[in-house]
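Visitor: Quick one: the structure is below, questions incoming.
The values are calculated or read from the model by the stated rules, or taken from the named source; none is laboratory data. Since the model is a prediction, treat every value here as computed from it, not as a measurement. Here Cβ is always computed from backbone atoms with ideal geometry, including for glycine, and neighbour counts include all displayed protein chains.
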Amino acid sequence: MGANDFRHKAEQTIEWIADYLASVDDYPVRAQTRPGEIAAKLPALPPRTPEPFEAVMRDFRDIIMPGMTHWQHPRFFAYFQGNTSEPSILAEMLISAVGAQCMSWETSPAATELEIRVLEWLRDMVGLPDGFAGSIQDTASTASLCSLIAARERATEGRGNEDGLSGGPTLTAYCSEEAHCSIERAVRLGGIGSQHLRRIPVDEHGAMNVTVLSERVREDIAGGARPAWVVASLGGTSYGAMDLVAPIAEVAREVGAWVHVDAAWAGSALILPELRHLAHGLELADSVVLNPHKWLFTNLHCSALFVRRADEYVRAFAIQPEYLKTRHGDAVVNFRDWGIQLGRRFRALKLWFVIRMFGVDELQRRIRQHIAWAERLAGAMQATPGFQVVTEPSLSLFTFRYVPDVGWPDPEVDAFNERLLMRINDAGRAYLSHTRVRGRYVIRFVVGQTNTTWEDVEIGWQEIRRCATEETARPSASGGR
């Protein structure tokens, strides 16, 4: 493909992207296809000869797009958003074009130095102390695994990497019952094992019970185990539960355990000065993760992992085969030693574009709007007969359920809300997800997509009410009465 041909095809691609972003709300939010439907339209064998760009793009539009769930749709209220934005897309194009492998300073000095600087910006934006140093991981799952590995090496004084865990003390890890499933996955992959993860009960607000944490730590020590990793959650996935970081950190530090704060979603909201109180105790953490690709409008993958003692953290990962040695040695940062991946994309560029082209004030304004709109909608639901707000808004996330008849037992209400959610999502005008709170099936509503407006939130609310009315009118919706 020559330069002129590439330019022409790139212009067509950019036109498609611009049109898509301008009209994404014309699509159903969630893909409306059945399992296997897309695969059935794809050839079983690859082409032996080149196919024209036009044919590939036609199949992209006709086969692939109908099977896409549109995370950039302004009425995507499910999970936590996986956002992008025009500045991030522009940067991603440049990243792809340059195609750098940014594993060390020497392989792309600008990539390393920009990553250092842009994460200093982000650190200051969320109120972390100056001593924290950051790196960009792909996801919070990877970041938490990296934290676990560093904690393991602290607990074994570096012998885990050298000798393995066999024959050493039993290591234990701790998190709340509301912690993300990636915490248990890290414990599994990091060699500690699920049976040594202590899930600590929570209070009525979803926060870890620190008294029980302290008791479990003492019990494990008395039994010959070594507490290695304690995780505090800021913004649990189910309903946004907030642990109290300071007292959790104090318990962990008394026994030398590594303190990790999972703020993957809620951490972005710390750029608001009025929410900085949520970060009380964050300075005591050994590592903190937050995801700009969730609520700072930067596309996947962009997860910021901050560590308090970079030297200790890097020792858990650094390895120096001859072919990776460079003349600058320890005089520079080599991000290949800051995580699991040796190969690294130039991810800092897109976060740099986003912060510069939005500006901190605009990023703050959008997050404030999302929080205010969630609170406003929760209030409207609370005032509407039949609707129950089960958990009050935590930032821009709350949960609710619809109870057609106050006499229905919980199992029938659960089944009704499961059908209600399917009806909402099948209609395609909004997309929500579910969880369970104290055993009850509830529907999650989270505001946070880059271009969501209050009108989109209102449309989502209209869909919820319409579908609740229709589901209530179904003969089988009577709960068998």
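Visitor: Mind checking which residues of the range 272-308 are farther than 20 Å from residue 230 by Cα and surrounded by fewer than 21 Cβ atoms within 10 Å (Cβ to Cβ)?
Guide: If the condition is that a residue be farther than 20 Å from residue 230 by Cα and surrounded by fewer than 21 Cβ atoms within 10 Å (Cβ to Cβ), then 272, 273, 274, 275, 276, 277, 300, 301 are the ones that fit.
Visitor: I need the full set of residues from the range 422-447 which are surrounded by 22 or more Cβ atoms within 10 Å (Cβ to Cβ) and in contact with a helix residue (DSSP H, G or I) (Cβ under 9 Å, 6 or more places away or on another chain), in order please.
Guide: Once the filter is applied, which keeps residues that are surrounded by 22 or more Cβ atoms within 10 Å (Cβ to Cβ) and in contact with a helix residue (DSSP H, G or I) (Cβ under 9 Å, 6 or more places away or on another chain), the range 422-447 yields 424, 430, 431, 432, 442, 443, 445, 446, 447.
Visitor: For the range 1-44: of the residues being farther than 30 Å from residue 78 by Cα and of a type in the set (Asp, Glu), which is farthest from the chain's Cα centre (by Cα)? Even if it seems obvious, please write down each step before you answer.
Guide: So the first thing to find is which residues in the range 1-44 are farther than 30 Å from residue 78 by Cα, and the list is 1-12, 43-44.
Keeping just the survivors that are of a type in the set (Asp, Glu) gives 5, 11.
Working: 5: 38, 11: 32 Å.
Here the residue is 5.
Visitor: Here is a check on your reading of the model: is residue 165 surrounded by 14 or more Cβ atoms within 10 Å (Cβ to Cβ), in contact (Cβ under 8 Å) with a residue 24 or more places away in the chain, in contact with a Gly (Cβ under 8 Å, 6 or more places away or on another chain) and not small (Gly, Ala, Ser)? Even if it seems obvious, please write down each step before you answer.
Guide: Working: surrounded by 14 or more Cβ atoms within 10 Å (Cβ to Cβ): yes; in contact (Cβ under 8 Å) with a residue 24 or more places away in the chain: yes; in contact with a Gly (Cβ under 8 Å, 6 or more places away or on another chain): yes; not small (Gly, Ala, Ser): yes.
Answer is yes for this residue.
Visitor: Only one of (1) outside any helix (DSSP H, G or I); (2) assigned by TED's automatic domain parsing to the domain that holds residue 238 fails for residue 336. Which number is that?
Guide: Of the numbered conditions (1) outside any helix (DSSP H, G or I); (2) assigned by TED's automatic domain parsing to the domain that holds residue 238, the odd one out for residue 336 is (1).
Visitor: Another question about this same structure. Which residue, of 257, 310, is in contact (Cβ under 8 Å) with a residue 24 or more places away in the chain, touching a strand residue (DSSP E or B) at 6+ places or on another chain (Cβ under 9 Å) and farther than 27 Å from residue 347 by Cα?
Guide: Values: 310 fails: farther than 27 Å from residue 347 by Cα.
Checking each option against the conditions leaves just 257.
Visitor: Report the residue count in the range 333-356 for those that are aliphatic (A, V, I, L, M) and either touching a His at 6+ places or on another chain (Cβ under 6 Å) or loosely packed, with under 15 Cβ neighbours inside 10 Å (or both). So that I can check it myself, show each step before the final result.
Guide: Quick first cut of the range 333-356, residues aliphatic (A, V, I, L, M) only: 333, 340, 342, 348-349, 351, 354-355.
Filter again for either touching a His at 6+ places or on another chain (Cβ under 6 Å) or loosely packed, with under 15 Cβ neighbours inside 10 Å (or both), leaving 340, 342.
Selection size over the range 333-356: 2.
Visitor: Show the residue pairs that are 6+ apart or on different chains and have beta-carbon atoms under 7 Å apart, the first residue being within the range 409-433 and farther than 13 Å from residue 69 by Cα and in contact (Cβ under 8 Å) with a residue 12 or more places away in the chain, the second being assigned to a helix (DSSP H, G or I) and small (Gly, Ala, Ser).
Guide: 416/477; 420/468
Visitor: Could you check how many residues of the range 189-219 are in a strand (DSSP E or B) and either of a type outside the set (D, E, K, R) or in contact with a strand residue (DSSP E or B) (Cβ under 6 Å, 6 or more places away or on another chain) (or both)?
Guide: Residues of the range 189-219 in a strand (DSSP E or B): 197-200, 202, 208.
From what's left, either of a type outside the set (D, E, K, R) or in contact with a strand residue (DSSP E or B) (Cβ under 6 Å, 6 or more places away or on another chain) (or both): 197-198, 200, 202, 208.
So the count comes out to 5.
Visitor: From (1) surrounded by fewer than 18 Cβ atoms within 10 Å (Cβ to Cβ); (2) farther than 23 Å from residue 70 by Cα; (3) out of contact with any helix residue (DSSP H, G or I) (no Cβ under 8 Å at 6 or more places or on another chain), pick out the condition that doesn't hold for residue 403.
Guide: Unmet condition: (3).
Visitor: So residue 413 ticks every box in (1) more than 28 Å from the chain's Cα centre (by Cα); (2) surrounded by 17 or more Cβ atoms within 10 Å (Cβ to Cβ); (3) not in a helix (DSSP H, G or I) but one. Which box is left unticked?
Guide: Residue 413 satisfies all of (1) more than 28 Å from the chain's Cα centre (by Cα); (2) surrounded by 17 or more Cβ atoms within 10 Å (Cβ to Cβ); (3) not in a helix (DSSP H, G or I) except (3).
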